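The values are calculated or read from the model by the stated rules, or taken from the named source; none is laboratory data. This one's a predicted model, so the numbers in the text were calculated from it and none came from an experiment. Note that each Cβ is placed from the backbone with ideal geometry, even for glycine, and that neighbours are counted across all protein chains shown.
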Amino acid sequence: MLAPSIVFVDLETTGANPAFDRIIEVGIVKVTGGQIEYEWSVLVDPGESIPPLIQGFTGISNEMVRGAPRFADIADEVFERIEGSLFVAHNARFDYGFLKNEFKRQGREFQPRVLCTVKLSRALYPEHHRHGLDAVISRHGLSCDARHRALGDARVLWDFVKLVHAEKPPEVIQAALKKAMKTPSLPSGLERSALDMVPEGPGVYLFYGDNSRSPGGSDELPLYIGKGVSMRSRVQSHFAADHGSGRAMRLAQEVKRVEWIETAGELGALLLEARLIKEKLPTHNRHLRRNDDLCALRLKEYGDVVLELVPLAGIPAEELAELYGQFKSKREANNTLRELAAEYGLCLKRLGLEQGKGSCFNQQIKRCKGVCIGKESSQQHDLRLKMALAVLKLRAWPFAGRIAIRERDAGSERCEWHLFEAWCYLGTAKSEAELHEAANARCEPLFDLDTYRILRRELEKRAGSQDILQLSRHE
């Protein structure tokens, strides 16, 4: 059996967010030595109205919980029934999260060993794609006389575990358990409770060490800044036992403290991560750092050399549509030009890659059509050059002025508006009042390549979305 003492737990709740929603039913099946010791369930008064959708889903009405105990009244009993046993639930993060929050409100730590039967099903039956409880019931021919009621669903989990033991050899089950219950190996200076505090939702996290101080100053410098759609899962992945590299191992050993900033979604996390990395320059981050050597190409209207290299840092946003490519250095830009010259038969001299009299090297090996020695007109050559550069052209800003992209987290009801103008990020408003104020604020947008890339992807993904708002300025 999975463990000498197991509690199969299921909860029904008023919603999906353990920080704001409340438990309305608890169901527990306790199994000791492979036999059911008892079944127990109780309705709980959530102290708020149960949404109609939840009433229809569970069959639990406001009338049914009226007069039922509050969770605070049964907290001791629930804790005692679970304590010392393996906590098993389907999508265990949900049930564990609700109970942890309820016990926290009572000033109590709740840290059982947890097994998620979704993860167990995935580990044992990887050939299947769906592992929700309905899929498990259907696939294995299980029955449930009270689906979406706490005790009925808890009973199904026990039936599933019995079936697993009948179908699979012990060594296969043990391997699946090891995979499903894999926990992070925490750094010596980091308490497990610190990880449990990290929210499940989207945001940015910062790792700090013992000596996270700026040279000669008091400002704390993070070791690493990252983002995640589920911050807790992402943070835990840094401390997995099977580190992928020595660098990851060194980071894990240095971390002493974790901080985080919640956002409404992935876009907000991406923007905040990019900004904080450039501001704080964490020692273990390699990507998204500020690069003052960023440059692009611009066509010249006259002269023997038809291209010039211009720095992207601080370039006026309205000039972006005249530029081609985004290069980390002059060397990278020149290497790209050499590749285009070879593919399109372009002249190295006219591109500014060679100097001197006579033909360019490409012409000598028959890759240049001879503009450098008068065999081809500059107009013909430059037409091919424009065709070659077309794929590198920076997009013109497709809006008339500023926009806001609305982002909402269904779990926490958090809503944010991210403001942009000419591919530049202007900031984030957390209310409609802030949005109105920001829409009329004066500022000079500065181009940032990472923001440009993030926003291009987001606009392509949200094409036609009502969450893209054109802002009107009122002087």
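Could you tell me which of the residues 77, 102, 63 is in a helix (DSSP H, G or I) and surrounded by 18 or more Cβ atoms within 10 Å (Cβ to Cβ)?
None of the other options fit; the residue is 102.
State which residue is farthest from residue 459 (Cα to Cα) when the search covers only the range 417-445 and only residues that are in contact with a Lys or Arg (Cβ under 6 Å, 6 or more places away or on another chain) and not hydrophobic (A, V, I, L, M, F, W, C).
Here the residue is 440.
Residue-wise test of (1) surrounded by 18 or more Cβ atoms within 10 Å (Cβ to Cβ); (2) modelled with pLDDT under 75.
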position	(1), (2)
208	yes, no
213	no, yes
227	yes, no
231	yes, no
237	no, no
247	no, yes
250	no, no
255	yes, no
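Looking at 31, 65, 78, 42 in this structure, which one is among the aliphatic types (A, V, I, L, M), touching a residue at least 60 places away in the same chain (Cβ under 8 Å), in the same structural domain as residue 155 (by TED's automatic domain parsing) and out of contact with any His (no Cβ under 6 Å at 6 or more places or on another chain)?
Going through 31, 65, 78, 42 in turn, just one is among the aliphatic types (A, V, I, L, M), touching a residue at least 60 places away in the same chain (Cβ under 8 Å), in the same structural domain as residue 155 (by TED's automatic domain parsing) and out of contact with any His (no Cβ under 6 Å at 6 or more places or on another chain): 31.
Considering the range 17-41 alone, what residues qualify as being within 36 Å of the chain's Cα centre (by Cα) and either crowded, with 17+ Cβ neighbours inside 10 Å or farther than 18 Å from residue 96 by Cβ (or both)?
Across the range 17-41, the qualifying residues are 17, 18, 21, 22, 23, 24, 25, 26, 27, 28, 29.
Looking at 446, 419, 455, which one is surrounded by 13 or more Cβ atoms within 10 Å (Cβ to Cβ) and either assigned by TED's automatic domain parsing to the domain that holds residue 328 or at pLDDT below 90 (or both)?
Only one candidate qualifies: 446.
Keeping to the range 148-160, report how many residues are assigned to a loop (DSSP other than H, G, I, E, B) and either acidic (Asp, Glu) or modelled with pLDDT under 90 (or both).
1
Anything in the range 416-475 that is small (Gly, Ala, Ser), closer than 26 Å to residue 262 by Cβ and either assigned to a helix (DSSP H, G or I) or within 21 Å of the chain's Cα centre (by Cα) (or both)? List them, or say none.
427, 429, 433, 438, 439, 465
If we scan the range 120-133, do we find a residue that is touching an Asp or Glu at 6+ places or on another chain (Cβ under 9 Å), in a loop (DSSP other than H, G, I, E, B) and under 25 Å from residue 33 (Cα atoms)?
Within the range 120-133, not a single residue is touching an Asp or Glu at 6+ places or on another chain (Cβ under 9 Å), in a loop (DSSP other than H, G, I, E, B) and under 25 Å from residue 33 (Cα atoms).
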